[in-house]
Amino acid sequence: MRRILVLNGPNINMLGTREKAIYGRQDYESLCAYIRAAAVRLGLEVELLQSNYEGDIVTAIQQAYGNFDGIVINPAAFTHYSIAILDALKAVNLPAIEVHISNIHKREEFRHHSVTVAGCIGQICGLGFAGYALALEALAVYEPEEA
């Protein structure tokens with residue numbers, strides 16, 4: 001059974017409260033339940049972590065090495081400037097997929113650029129909670145290219 005680490009960055013714990021027109025009315029616990037149900041359907045084991053602290057996310061990525069088969073990450077605001085998260089993703093070299101609930105390319109200009117996606121095999125944005133399920137589905141069947 002593949003093990004996937006699902007990481008959520010700052011303010012994702014405020015779902016259901018923050019900017020409902022952008023993020024919807026469902027709360028963080030609903031997101032976690034959605035992710036767990038998707039993992040069961042796909043035969044995956046998932047561990048979920050949300051942190052408002054960049055260092056916690058970097059440490060979780062580092063600790064994923066040798067313990068997980070892939071990472072689904074919503075770096076949230078860290079997306080746009082965290083070289084530390086990018087470097088951690090590159091260091092562990094696990095297949096990672098960046099997910100955003102909203103379409104970052106239809107929002108403020110500063111949100112259009114992702115620093116962290118360069119450490120990922122792909123990015124899914126604008127599909128709400130479904131983006132997490134799609135990322136899990138992709139990691140369930142992902143086979144790395146031969147070097």
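The values are calculated or read from the model by the stated rules, or taken from the named source; none is laboratory data. None of the values given here were measured: they were computed from a predicted structure. No Cβ is skipped: glycine too gets one built from the backbone with ideal geometry, and neighbour counts run over all protein chains shown.
Would you check if there is a residue in region 93-107 being part of a loop (DSSP other than H, G, I, E, B), of a type in the set (A, V, I, L, M) and farther than 20 Å from P144 by Cα?
Checked region 93-107: at least one residue is part of a loop (DSSP other than H, G, I, E, B), of a type in the set (A, V, I, L, M) and farther than 20 Å from P144 by Cα.
Return only the number of the condition from (1) touching a residue at least 40 places away in the same chain (Cβ under 8 Å); (2) in a loop (DSSP other than H, G, I, E, B); (3) among the β-branched types (V, I, T) that T17 does not satisfy.
Every condition holds for T17 apart from (1).
Go through region 13-43 and count every residue that is at pLDDT below 95, buried (at least 16 other Cβ atoms within 10 Å of the Cβ) and within 17 Å of L127 (Cβ to Cβ).
Of the residues in region 13-43, 4 are at pLDDT below 95, buried (at least 16 other Cβ atoms within 10 Å of the Cβ) and within 17 Å of L127 (Cβ to Cβ).
State all residues of region 1-14 that are part of a helix (DSSP H, G or I) and free of Cβ contacts under 8 Å to residues at least 60 places away in the same chain; if no residue qualifies, say none.
N13, M14
Would you mention how many residues in region 23-52 are outside any helix (DSSP H, G or I), under 16 Å from G9 (Cα atoms) and either in contact (Cβ under 8 Å) with a residue 40 or more places away in the chain or among the basic types (K, R) (or both)?
6
Say we look at region 59-80 and pick out the residues that are in a loop (DSSP other than H, G, I, E, B), in contact with a strand residue (DSSP E or B) (Cβ under 9 Å, 6 or more places away or on another chain) and not charged (D, E, K, R); which of these is farthest from A135 (Cα to Cα)?
Among them, the one singled out is N67.
Of everything in region 62-95 that's under 17 Å from I121 (Cα atoms) and touching a Gly at 6+ places or on another chain (Cβ under 7 Å), which residue is surrounded by the most Cβ atoms within 10 Å (Cβ to Cβ)?
P75
Report, by residue number, each residue of region 101-122 that is free of Cβ contacts under 8 Å to residues at least 40 places away in the same chain, touching a Ser or Thr at 6+ places or on another chain (Cβ under 7 Å) and not aliphatic (A, V, I, L, M).
S114
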